[in-house]
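The values are calculated or read from the model by the stated rules, or taken from the named source; none is laboratory data. Fair warning: this is a prediction, and the values are worked out from it, not measured in the lab. To get the accessible areas, we keep the full protein, side chains included, count just its heavy atoms, and leave off ligands, DNA and RNA. Shrake-Rupley method; radii C 1.70, N 1.55, O 1.52, S 1.80 Å.
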Amino acid sequence: MRARLALAVSGQTCELREVVLSHKPDELRQASAKATVPVLVDTDGTVLEQSLDIMLWALQRHDPLQWLPAQGELADALFLIRRCDDEFKPQIDRYKYPNRFDSADRDAPRDLGAGFIVDLEHRLNRHPFLSGAHWGLVDAAIAPFVRQFAHTDRVWFTQQAWPKVQTWLANFEASLLFQRVMTKYPPWQSGQDQTLIYTEPVR
């Protein structure tokens, strides 16, 4: 989702190939040894295999809403995003899919994940958005994972004393940008006509 958010807001014209991971097309394996999504193949043959790299690629080409932080703030932004990826995301997986990790206890990963949410709440108490004064790279990179965490047990999430995070997430889910990137496409098959997306920036 976060790769599509950056592609949409930057207005990059892309050929979309929707993939069902249980039926991976050979073209995905040929493009990327890891064969998971997202994968972006540039017109010069460059392959990007990480969603954050795709976000930066798109925004460095065109950043009409100034999502990219100022140079002096980039390190802090990337540090928080990597905390999300390295610390928070693994706990979401254990919380959502305890059977995959041979664990019947969902509370432990949930509580560890909650620690990261508390940090976000503190940040949102200082600024309207994780990126500062306006929505930006950090918000777009982290919001999809907070959404996963929240929807694993929505009742529990809404009962927590995180009013800033809850409002921030609700506003994201109500946005036109979110609705646009959540558009469903049929799975791509070899030889299928291309689906072009995001020819104009979405705000």
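A few comments on the model shown:
- Reciprocal of mean inverse Cα separation for region 6-77 (Kirkwood radius, Å): 13.6
- Accessible surface, per residue, of region 91-182 when the full set of protein chains is kept, probe 1.4 Å, Å²: 50
- Relative to the compact-globule estimate of 2.2 N^0.38 Å, the Cα radius of gyration of the chain comes out at 1.06.
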